[in-house]
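Read the structure below first, then the notes.
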Amino acid sequence: MSQATAEQDYLPEDHAPDPVISHGDPTPPGKVAIWLFLASEIMFFVALLGSYIVLRAGSPRLFSAHAAALSKPLAATNTVVLIFSSLTMALSVEAAQQGKRGKLLLFLTLTILCALTFMGIKSIEYTDKYFHHTIVAKDGNKFYVYDGHQEERNGKEVTLLGYRMPLGDQPGMNVHLISQQDVATHPNGTDSDALSPDEAKKRPAETFKILLANINTDLNYMPSKNIFYSCYFVLTGVHGLHVLAGLIPLTLLLIQAIRGKMFPPHTEYVGLYWHFVDLVWIFLFPLLYLI
């Protein structure tokens with residue numbers, strides 16, 4: 001019995017067989033690794049999204065008022081771009097598995113172009129927020145709140161296209177919390193004279209020239225504006241970093257495909273990551289722009 005066992009099993013000084021190979025496990029270690037990585041990413045984003053939901057529940061008016069300043073058309077375009085990139089990524093995986101180099105080159109290129117388009121649109125949104133200002137400045141004997149887009153700035157004055165209202169008629173006002181909608185609906189600075197939201201939308205923007213020497217507070221719509229923009233830039237910024245990170249392996253796969261080499265397993269792993277990045281945006285779009 002012992003002799004038969006010795007003939008069939010490995011010798012004591014030999015290494016034990018690889019449990020993955022010897023047991024016929026069909027799951028490659030690389031796929032297990034990417035799923036474990038994505039599981040950690042899911043927990044990371046759940047924490048971020050959960051924090052945003054809790055903060056929004058505590059200040060619903062603040063979040064809804066400032067979300068109105070975000071561009072829904074640009075965000076919707078980005079959503080379509082990412083959904084299309086998921087399709088091209090899936091087709092890239094299929095082409096790699098079938099050994100179709102021409103299709104792989106095409107679909108990887110389209111996926112990369114979609115990612116660059118997404119980041120380009122996001123940079124437009126960020127630039128718009130950078131030049132969107134809330135300014136408290138003195139004009140004559142009164143202080144006014146101005147809100148709008150900076151058209152020009154030199155060493156003497158700022159040219160702003162937007163709206164203004166007197167500050168003195170709004171006691172206890174926190175400038176950080178003021179939205180463009182607030183200024184547009186209160187041209188006279190009093191609640192009794194406030195315009196309805198529909199009337200405010202019809203109110204044309206005006207051009208104001210504000211002397212730098214008269215400015216008391218100057219805030220742009222960046223993270224320091226208030227908690228909403230802090231959340232907005234953290235969520236979209238972290239997601240944008242993931243898009244940029246995904247561009248690196250996509251580019252490497254494209255370069256290898258140009259050289260005539262295809263890596264079906266690696267293409268599939270990158271595809272799983274890319275679908276996750278797209279899925280995160282599907283949650284961010286309604287939370288930030290629509291609700």
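Over the chain, dividing the summed -39,500 (n - 2.57) contributions of all DSSP H runs of at least 4 residues by the number of residues returns a 222 nm mean residue ellipticity of -20000 deg cm²/dmol.
Note on the chain: with a GNM built from Cα contacts shorter than 10 Å, the maximum mean-square fluctuation among Asn214, Asn154, Asn78 falls on Asn154.
The alpha carbon centroids of the stretch 226-281 and the stretch 74-103 are separated by 12 Å.
Checked against a 20 Å cut-off, the cross-linked pairs Lys156/Lys209; Lys129/Lys156; Lys142/Lys209 give Cα-Cα distances beyond that limit for Lys129/Lys156. Between the entries (i) 105, 44, 36; (ii) 82, 76, 34; (iii) 58, 46, 32, the label attached to Cα extents along the principal axes in Å calculated for this structure is (i). Report the residues of the stretch 237-281 in range of a label on Lys100: point 7 Å along Cα→C-beta, backbone N strictly under 12 Å from it. Zone members listed by number: none at all.
Every Cα-Cα pair of the stretch 132-220 was included, and the share exceeding 16 Å stands at 48 percent. Val145 sits among other residues whose Cβ lies under 10 Å from its own Cβ, and their net charge, with Lys and Arg +1 and Asp and Glu -1, is -1. Counting only alpha carbon atoms, the long axis of helix 29-58 and the longest principal axis of the chain meet at about 20°. Given their separation in residues at 0.36 nm each and the Cα-Cα distance between them, Ser59 and Lys202 gain 48.7 nm when the chain is fully extended. For the chain, the relative contact order comes to 22 percent (Cα pairs under 8 Å, sequence separation of at least 6).
Which of the peptides 276-288, 44-56 is most tightly packed, and how do the rest follow, judged by the mean count of other Cβ atoms within 10 Å per residue?
Values: 276-288: 17.6, 44-56: 14.2.
My ranking of the peptides, most packed first, is 276-288, 44-56.
How would you classify the stretch 29-75 from its alpha-carbon gyration tensor, with a ≥ b ≥ c the square roots of the eigenvalues: rounded for a/c under 1.5, else prolate if a/b is greater than b/c, otherwise oblate? Taking the square roots of the gyration eigenvalues as a ≥ b ≥ c, the stretch 29-75 is oblate. Summing +1 for each Lys or Arg and -1 for each Asp or Glu, what net charge is found among the other residues whose Cβ lies under 14 Å from the Cβ of Leu290? That works out to +2.
Each value in this text was obtained by applying a stated rule to the coordinates, not by laboratory testing. These figures come from a predicted structure and were not determined experimentally. Cβ: placed from backbone, ideal geometry, glycine included. Neighbour counts: every protein chain shown.
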